[in-house]
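Structure record follows, encoded as structure tokens.
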Amino acid sequence: MSEIILHHYDTSPFSEKVRLMLGIKGLAWRSVIQPVIMPKPDLIPLTGGYRRIPVMQIGADIYCDSQVILAEIERRHPTPPVVRGADWAVNLWADRLWFQATVVVIFAEMGDAVPKEFIADREKLSGRPFDTGAMKAAAPFMRPQWRAYAAWLEDGLQTGDDFLGGATPSLADVAAWMNVWWLSGATPRIADELLAGLDRTRAWRDRIRAIGHGQRTEMAPAEAVKAAHANEPAPDLGCDANDPSGLKQGDKVVVQADDYGRDPVEGVLVGLTRDRITIARECGEVDVSHVHFPRAGYVLVKG
């Protein structure tokens, strides 16, 4: 089965990266809307405990974290090429440093309207207080940081090309877009203020927005679980003999993120490359699935 199933919700900034990638590739995909907060009863059986969004599913292969999702889309659909040069480094910067600035700027503006349930959920996810008062206090310092990051886009567009990647979008465009898209949608007035005078970036924003999301068709969560049950995962990728962990195929392992949402996922190691961890696991309705994580940004230990 090669059908792409994306578990997401429409306001998710990390999901927007994947939706844009699907648009650049011109792909058809199935949309499974998951809850913004826990519980997520139709997602956890697939991931083994990983709760963050987005998650991509192709049959019985489950891809956790936008990093590995984007890499798998590029691997399966290499035309047009998107990943080039040091794009993965740009992606990690946009996911962490720029994203944290965006979080503060947005919730400093709209934090008083955030439901208590959302705050409680995000505190469990991050392991620290979701303090909108502290964000308001930090906003005067984080807004200039946000604008400084956006100015890097402005500089990167100086050559006259339409995109950071040149004549066509690259992963750098996809990564940067997430923060511009989220701020522009959540607090458009603040976005306009922080993008003032960055005319190339504003024009770039319009070009990226026009790409769209490919061909989206809705799918019920229960149908996605059935699709995992009805398929076999792809063959494993082998193990890197030079991986510093010394772990080998067949080892029982635990995988978890190193920043937030550190819910441990247990399984048997079936693949370990320079950029990916793949474990096999069984869970209720799903006989055997392969769950894929990035190597960068995740902790892998023997179970």
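The values are calculated or read from the model by the stated rules, or taken from the named source; none is laboratory data. Here the structure is a predicted model, which means the values were calculated and not measured. Glycine gets a Cβ as well: all are built from the backbone with ideal geometry, and neighbour counts include every protein chain shown.
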Handout entry: Pairs where the first residue, in the range 176-204, is part of a loop (DSSP other than H, G, I, E, B) and the second is of a type in the set (Lys, Arg) and surrounded by 14 or more Cβ atoms within 10 Å (Cβ to Cβ), C-beta under 6 Å, 6+ apart
Key = Leu195/Arg202
Fill in the blank from the handout: Picked from the range 111-160 (must be part of a helix (DSSP H, G or I) and of a type in the set (Lys, Arg)), the residue farthest from Met178 (Cα to Cα) is Lys116
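Rundown of residues vs (1) without any contact (Cβ under 8 Å) to a residue 24 or more places away in the chain; (2) crowded, with 17+ Cβ neighbours inside 10 Å; (3) within 19 Å of the chain's Cα centre (by Cα); (4) over 21 Å from Trp182 (Cα atoms), yes/no style:
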{"site": "Arg51", "(1), (2), (3), (4)": "no, yes, yes, no"}
{"site": "Asp61", "(1), (2), (3), (4)": "no, yes, yes, yes"}
{"site": "Leu70", "(1), (2), (3), (4)": "no, yes, yes, no"}
{"site": "Trp88", "(1), (2), (3), (4)": "no, yes, yes, no"}
{"site": "Asp95", "(1), (2), (3), (4)": "no, yes, yes, no"}
{"site": "Glu109", "(1), (2), (3), (4)": "no, yes, no, no"}
Exercise for the section: Determine, yes or no, whether Ala139 is of a type outside the set (D, E, K, R), over 21 Å from the mean Cα position of the chain (by Cα) and crowded, with 19+ Cβ neighbours inside 10 Å. Expected result: yes
Completion exercise
Going through (1) hydrophobic (A, V, I, L, M, F, W, C); (2) without any contact (Cβ under 8 Å) to a residue 12 or more places away in the chain; (3) surrounded by 16 or more Cβ atoms within 10 Å (Cβ to Cβ) one by one, Ala241 fails only at (3)
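In the range 184-237, what residues are at positive phi and out of contact with any Phe, Trp or Tyr (no Cβ under 7 Å at 6 or more places or on another chain)?
Across the range 184-237, the qualifying residues are Gly197, Gly212.
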Practice task
Kindly indicate which of Ala134, Ala101 is surrounded by 13 or more Cβ atoms within 10 Å (Cβ to Cβ) and over 29 Å from Gly23 (Cα atoms).
Solution key: Ala134
Practice task
Evaluate the range 172-185: report whether one residue or more is over 22 Å from Thr11 (Cβ atoms) and of a type in the set (Gly, Ala, Ser).
Solution key: yes
Exercise for the section: Name the single residue, out of those in the range 250-278 being in contact with a Leu (Cβ under 8 Å, 6 or more places away or on another chain), surrounded by 15 or more Cβ atoms within 10 Å (Cβ to Cβ) and not in a strand (DSSP E or B), that is modelled with the highest pLDDT. Expected result: Asp251
Fill in the blank from the handout: Restricting attention to the range 124-177, the residues that are under 21 Å from Asp259 (Cβ atoms) and touching a Pro at 6+ places or on another chain (Cβ under 9 Å) number exactly 1
Exercise for the section: Working carefully through the options Leu171, Leu164, Leu247, Leu194, find the one that is outside the structural domain of Ser12 (by TED's automatic domain parsing), crowded, with 17+ Cβ neighbours inside 10 Å and more than 28 Å from Ile4 (Cα to Cα). Expected result: Leu194
Fill in the blank from the handout: All conditions in (1) outside any loop (DSSP other than H, G, I, E, B); (2) under 19 Å from Arg122 (Cβ atoms) are true of Leu46 except (2)
Problem - From Ile73, Ile62, Ile53, residue being touching a helix residue (DSSP H, G or I) at 6+ places or on another chain (Cβ under 9 Å) and in a helix (DSSP H, G or I) - result: Ile73
